[in-house]
Amino acid sequence: MIPTKPQHPVVPNDQKSKSESLVETFLSGGRGRSRYYAENSSKGVYSAQQQQRNPFRLWVLFIFLGTVLLTTAACNGLPTVSIPTTRVVDTPVRDLTVLPQDCNVYLNPATSNTELITPVVARLFHARFKEHHFAPWHRTEPFYSPQEAFRGFQRFASQTLFGENKCIRGGNWLADLQLLAGMESYPNTNRRAITIANTSLRLLPTDKPAFYDFSAPGEGYPFDQAQESAVWSGTPVFISHTSTDGSWMLAEVPFASGWLSATDIAFTDTSFMEAFETDALVAFVKDGIPVSSDDQVFRFVGRLGTVLPLSAVEEQHLEVIAPAADVSRRAVLLRAKINREDAVRMPLAATPQHFAMLINRLLGQPYGWGGLYGNRDCSATLKDLFTPFGIWLPRNSPEQARQGIFISLRDLDLRQKEQMILDKGVPFMTVIWMPGHIMLYVGTHQGKALVFHNTWGLKTQSAGGSESRKIIGKAVITTLEPGQELPDLARPNGNLLYRIEAMTFLGIPGQVQERFRTGALH
């Protein structure tokens, strides 16, 4: 016995939607057949031959509608939809597969607890840190000229800017922001304040991005040119100017200037600043630490490098002073307790083991241009790394390279450069600088110098000469020549060692080199 095909349920005409009627009309081959189905559907009269043709007609319908949609999109200049393909997994550069991404591996157990600077020198560094950190509160007028304060408008005036949708910013976008800035009344505020949230310092009074051409190598996402830096909660600031609508504040933070959202700051008075600016400071040594005040209200997330005043020391906690704002946006002092493994009293002893501990907590973290999305770029990574040790570093790589004894490597060839670093570099106290990037020397592995850095990627070049990037996009430990195995690595500019121009001692070179003259950490 031959089984019969199951009958499809018949929907009465008065219950059909317009889309169902349209589909039925198409499947029927036109108005005539649609009437035939309409006349016979109530009777359940569908022949086996007609039912067999329906699946084919349905595929024809899908193809027809897809063609119409794609044609319409193309005619209107809209992006077409591509058919998903199998994702090709991008393999990491060889350094990341052969070098353990664990800084402890490269320590010498015999010297890992040896202090790289003496306690006396550490206190001098800490005093210098405090001077820089609280500098904005010791101003009564702007430190920066109007040209420097509003440099973003001048920088972008002749640039073609793109938005987050990859479309060119309209001609009035920058002009409207300039009106919002109210430059003609600068400075109109001149008040001291403090950040009460982790925030972004912007070159323009907006949180909207300003990208350069997405098709250019090293441009587009994530390089938002309006992003200056991330600023952690509890940072002293000087507010020189307020936008015309009051939503943005032109701020001078300890390491830069730019626009902050008005919701992320609170204005300080003398009593607040006297309580907050103390010798006893605490630095967070981990990211992602929730900070709640004694009233159990969440305030902000502590980041490695966040600095707050110490209020009391308990067996399992450090009590700190956390800033908040009242309803009038005035700063108030609150108490918060932090687990002792999450923060330390500054300065932390500058030992290789302590450096390795903090480096391991930063390894693998995403690269963040200018602190975008709360991530770190190369200079922010080093700045936050050195903060718990009470060692102040500026926010950009050229200035960081000038913070100690600067040794030019510009006139040396590749092998001479690396040998100079091996011979003279002090692990964890020597930074390696090239234009646009900075790294920390951490020791050696199999005779090769190793560096810790947060990097976007390596320059590559196709056979046809077009430039691109091999994305790394995170904090890593590498040699000075990562990516040498890549057939499309740009040569010589894709080689970091080729671009290195200087090394800088951040400590007291004579004293540190005396402690490590035998190369104990190499």
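The values are calculated or read from the model by the stated rules, or taken from the named source; none is laboratory data. No experiment lies behind these values; they were computed from the predicted model shown. Here the Cβ positions follow ideal geometry from the backbone for every residue, glycine too, while neighbour counts run over all protein chains shown.
Side notes on the structure shown:
- Residue in the stretch 254-264 that is assigned to a loop (DSSP other than H, G, I, E, B) and not assigned by TED's automatic domain parsing to the domain that holds F389 present: yes
- Residues that are closer than 30 Å to R202 by Cβ and out of contact with any strand residue (DSSP E or B) (no Cβ under 9 Å at 6 or more places or on another chain) within the stretch 119-137 comprise R128, E131, H132, listed in sequence order.
- Residues located in the stretch 337-368, provided they are basic (K, R) and touching a residue at least 60 places away in the same chain (Cβ under 8 Å): R345, R361
- Scanning the stretch 161-179 for residues being loosely packed, with under 13 Cβ neighbours inside 10 Å and part of a loop (DSSP other than H, G, I, E, B) gives a total of 4.
- Residue selection: G465 satisfies the criterion of being over 26 Å from T114 (Cβ atoms), surrounded by fewer than 16 Cβ atoms within 10 Å (Cβ to Cβ) and not hydroxyl-bearing (S, T, Y).
- Scan of the stretch 279-300 for residues that are surrounded by fewer than 13 Cβ atoms within 10 Å (Cβ to Cβ) and of a type in the set (V, I, T), ordered by number: V297
For (1) over 28 Å from the mean Cα position of the chain (by Cα); (2) more than 21 Å from H241 (Cα to Cα); (3) among the polar types (S, T, N, Q), each residue gets a yes or a no:
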| position | (1), (2), (3) |
| --- | --- |
| N108 | yes, yes, yes |
| T118 | yes, yes, yes |
| H138 | yes, no, no |
| G163 | no, yes, no |
| I194 | no, no, no |
| L203 | no, no, no |
| A210 | no, yes, no |
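- Residues that are out of contact with any helix residue (DSSP H, G or I) (no Cβ under 8 Å at 6 or more places or on another chain) and either assigned by TED's automatic domain parsing to the domain that holds V301 or assigned to a loop (DSSP other than H, G, I, E, B) (or both) occur in the stretch 239-248; there is at least one.
- Residues of the stretch 101-143 classified as assigned to a helix (DSSP H, G or I) and closer than 13 Å to F389 by Cβ, total: 9
- If the condition is being in contact with a strand residue (DSSP E or B) (Cβ under 6 Å, 6 or more places away or on another chain) and either closer than 13 Å to D342 by Cβ or surrounded by fewer than 18 Cβ atoms within 10 Å (Cβ to Cβ) (or both), then the stretch 304-317 contributes L304, T306, L308, A312, H317.
- Scanning the stretch 144-160 for residues that are out of contact with any Ser or Thr (no Cβ under 9 Å at 6 or more places or on another chain), of a type outside the set (G, A, S) and not in a helix (DSSP H, G or I) yields F150, Q159, T160.
- Given (1) within 29 Å of the chain's Cα centre (by Cα); (2) of a type outside the set (A, V, I, L, M); (3) in a loop (DSSP other than H, G, I, E, B), number of the condition S328 does not satisfy: (1)
- G483, sole failed condition from (1) surrounded by fewer than 19 Cβ atoms within 10 Å (Cβ to Cβ); (2) farther than 21 Å from Q400 by Cβ; (3) modelled with pLDDT of 95 or more; (4) of a type in the set (G, A, S): (1)
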